[in-house]
């Protein structure tokens with residue numbers, strides 16, 4: 001069986017996405033995730049915080065994953081949701097020109113999923129500050145989507161996102177669901193949203209897309225692996241092809 005090596009770019013202060021990504025891949029034994037970190041400690045719109053996502057720094061981390069011969073490199077982060085979606089398009093082009101890997105990101109995968117499913121009325125859940133949340137909403141509105149409900153935690157320290165409890169996150173998702181969006185986006189790869197998706201989707205009857213899951217979904221697609229093999233992590237893997 002030929003190995004499928006997935007490189008996953010990771011914010012340095014993230015403690016959630018690595019175990020969740022590996023757990024999602026449990027049912028695909030030929031695939032493994034290999035992680036490369038670069039410095040991210042704060043999520044804000046200040047100059048210093050935005051500079052953390054400068055393309056050269058991210059590409060450096062991607063080039064190290066090239067040493068492991070990863071066939072796909074995915075940015076498991078949501079920075080382009082507030083920086084602008086073109087930032088991820090540029091990043092993917094830079095990674096693909098600097099390595100032999102295909103490239104993808106959580107947010108570009110979100111947007112592809114929304115296009116494929118036709119969902120336009122969205123709910124948004126994140127741990128971010130008012131300012132960052134407003135920037136995300138504006139970017140999606142400018143792309144033709146309607147954010148009908150949102151919840152956010154008002155946090156800036158990236159590590160603190162991992163300490164939002166599952167019960168808190170579930171309450172936020174349920175609150176957003178009351179306005180009946182066509183899909184709910186969990187926008188942050190340092191939130192423990194993915195394990196909640198399967199049960200809440202069945203209960204609420206609303207598609208829930210988590211940013212850790214979306215990059216795994218796209219990386220598997222680029223690797224030629226049937227995403228339907230991923231069981232227990234929501235309708236994304238079963239229904240969106």
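The values are calculated or read from the model by the stated rules, or taken from the named source; none is laboratory data. These numbers come from a predicted model, not from an experiment. Neighbour counts run over all protein chains shown; Cβ positions are idealised from the backbone, glycine included.
Assuming residue 179 fulfils every condition listed in (1) assigned to a loop (DSSP other than H, G, I, E, B); (2) in contact with a strand residue (DSSP E or B) (Cβ under 6 Å, 6 or more places away or on another chain); (3) farther than 16 Å from residue 40 by Cβ; (4) in contact (Cβ under 8 Å) with a residue 60 or more places away in the chain apart from one, which condition is it?
(4)
Pull up segment 109-131, narrow it to residues that are under 18 Å from residue 227 (Cα atoms) and touching a residue at least 12 places away in the same chain (Cβ under 8 Å), then point me to the one that is surrounded by the fewest Cβ atoms within 10 Å (Cβ to Cβ).
The qualifying residue surrounded by the fewest Cβ atoms within 10 Å (Cβ to Cβ) is 116.
Given the conditions (1) in contact (Cβ under 8 Å) with a residue 12 or more places away in the chain; (2) within 30 Å of residue 129 (Cβ to Cβ); (3) over 15 Å from the mean Cα position of the chain (by Cα); (4) surrounded by fewer than 22 Cβ atoms within 10 Å (Cβ to Cβ), and given that residue 4 satisfies all but one, which numbered condition is not satisfied?
Every listed condition holds for residue 4 apart from (2).
Suppose the filter is in contact (Cβ under 8 Å) with a residue 24 or more places away in the chain, outside any strand (DSSP E or B), touching a helix residue (DSSP H, G or I) at 6+ places or on another chain (Cβ under 8 Å) and farther than 15 Å from residue 81 by Cβ; does residue 197 pass it?
Spelling it out, residue 197 is indeed in contact (Cβ under 8 Å) with a residue 24 or more places away in the chain, outside any strand (DSSP E or B), touching a helix residue (DSSP H, G or I) at 6+ places or on another chain (Cβ under 8 Å) and farther than 15 Å from residue 81 by Cβ.
Just the residues that are closer than 13 Å to residue 223 by Cβ and touching a helix residue (DSSP H, G or I) at 6+ places or on another chain (Cβ under 8 Å), please, taken from segment 5-33.
6, 7, 8, 25, 28, 31, 32, 33
So which of 46, 12 is more than 17 Å from residue 210 (Cβ to Cβ), surrounded by fewer than 15 Cβ atoms within 10 Å (Cβ to Cβ) and under 17 Å from the mean Cα position of the chain (by Cα)?
12
Can you tell me which condition residue 187 does not meet? The list is (1) surrounded by fewer than 23 Cβ atoms within 10 Å (Cβ to Cβ); (2) in contact with a strand residue (DSSP E or B) (Cβ under 6 Å, 6 or more places away or on another chain); (3) closer than 19 Å to residue 18 by Cα, and all the others hold.
With respect to (1) surrounded by fewer than 23 Cβ atoms within 10 Å (Cβ to Cβ); (2) in contact with a strand residue (DSSP E or B) (Cβ under 6 Å, 6 or more places away or on another chain); (3) closer than 19 Å to residue 18 by Cα, residue 187 is out only on (1).
From 229, 238, 192, which residue is closer than 19 Å to residue 109 by Cα, assigned by TED's automatic domain parsing to the domain that holds residue 126 and either out of contact with any strand residue (DSSP E or B) (no Cβ under 7 Å at 6 or more places or on another chain) or without any contact (Cβ under 8 Å) to a residue 12 or more places away in the chain (or both)?
Only one candidate qualifies: 192.
Within segment 86-152, which strands (runs of 3 or more DSSP E) (wholly inside it) include 2 or more residues that are assigned by TED's automatic domain parsing to the domain that holds residue 72?
Output list reads 102-105.
Go through segment 37-73 residue by residue and tally those that are free of Cβ contacts under 8 Å to residues at least 60 places away in the same chain, within 24 Å of residue 217 (Cα to Cα) and in a loop (DSSP other than H, G, I, E, B).
Final tally of qualifying residues: 2.
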